[in-house]
Amino acid sequence: QIAVKDFVLDLNGHTYTVDSPAVGSKGYESQAFHLEKGVAVTLKNGTITSTGSLVKMLIQNYCDLTLDNVVLDGTNLPANQYTLSNNCGNVQIKDSTILTPLRVYLSL
């Protein structure tokens with residue numbers, strides 16, 4: 001097993017598109033990013049999106065996460081799924097946009 005360190009992912013204005021395979025806990029491989037406890041992660045300067053194929057969530061977060069000048073574009077995710085799920089840790093959002101999947105509600 002590899003020890004994980006704090007890190008910064010600087011997209012430098014680019015778009016990171018996740019297709020497959022998705023990641024996650026065994027049996028729940030449905031995320032673009034699965035960030036575990038004990039680290040600090042910064043995502044900055046770009047867009048993260050998916051093709052919507054196997055990815056049902058862009059970020060499953062358990063760490064201390066900073067979003068800095070980033071767009072989390074979850075518009076291709078299946079309806080009623082999560083763009084960002086924070087289960088543990090702190091999330092700082094600086095100059096960022098979070099787009100969610102389309103949700104359709106019917107009133108009969």
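The values are calculated or read from the model by the stated rules, or taken from the named source; none is laboratory data. Quantities reported herein were computed from a predicted structural model and do not represent experimental measurements. Methodologically, a virtual Cβ is constructed for each residue, glycine included, from the backbone with ideal geometry; neighbour enumeration extends over all protein chains shown. Remember, those area values only see protein heavy atoms, side chains included, never the ligands or the DNA or RNA. Shrake-Rupley method; radii C 1.70, N 1.55, O 1.52, S 1.80 Å.
Condition check ((1) at pLDDT 90 or above; (2) part of a strand (DSSP E or B)) across all residues:
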site	(1), (2)
HIS34	yes, yes
VAL41	yes, yes
ASN45	yes, yes
SER53	no, no
LEU65	yes, yes
ASN69	yes, yes
ASN76	yes, no
ASN80	no, no
SER85	yes, yes
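Cβ-Cβ under 8 Å, sequence separation 6+ or interchain: first residue in segment 18-40 and at positive phi, partner assigned to a loop (DSSP other than H, G, I, E, B). Which pairs?
Pairs found: GLY24/SER30; GLY38/VAL4; GLY38/CYS63.
Against the condition over 17 Å from ASP6 (Cβ atoms) and surrounded by fewer than 16 Cβ atoms within 10 Å (Cβ to Cβ), how does SER25 come out, does it pass?
It is true that SER25 is over 17 Å from ASP6 (Cβ atoms) and surrounded by fewer than 16 Cβ atoms within 10 Å (Cβ to Cβ).
Exactly one of (1) surrounded by fewer than 18 Cβ atoms within 10 Å (Cβ to Cβ); (2) within 16 Å of LEU99 (Cα to Cα); (3) in contact with a Pro (Cβ under 8 Å, 6 or more places away or on another chain) is unmet by THR47. Its number?
(3)
Mind checking whether some residue in segment 94-103 is assigned to a strand (DSSP E or B) and either on the phi > 0 side of the Ramachandran plot or over 14 Å from the mean Cα position of the chain (by Cα) (or both)?
First pass over segment 94-103, keeping only residues assigned to a strand (DSSP E or B): 94, 97-99.
Those still in the list that are either on the phi > 0 side of the Ramachandran plot or over 14 Å from the mean Cα position of the chain (by Cα) (or both) too: 94.
Looking for residues that are assigned to a strand (DSSP E or B) and either on the phi > 0 side of the Ramachandran plot or over 14 Å from the mean Cα position of the chain (by Cα) (or both), one finds at least one in segment 94-103, hence yes.
Considering only segment 4-22, how many residues are assigned to a loop (DSSP other than H, G, I, E, B) and open to solvent by 80 Å² or more (accessible area, probe 1.4 Å)?
In the first step, residues of segment 4-22 are kept if they are assigned to a loop (DSSP other than H, G, I, E, B); the result is 4-6, 11-14, 19-22.
After this cut, where a residue has to be open to solvent by 80 Å² or more (accessible area, probe 1.4 Å) as well, the list is 4-6, 12, 14, 21.
Of the residues in that region, 6 qualify.
So which pairs qualify, if the first residue must be in segment 74-99 and closer than 22 Å to SER53 by Cα, the second must be modelled with pLDDT under 90 and of a type in the set (Phe, Trp, Tyr), the Cβ gap must be under 9 Å, and the two must be at least 6 apart or on different chains?
GLY74/TYR82
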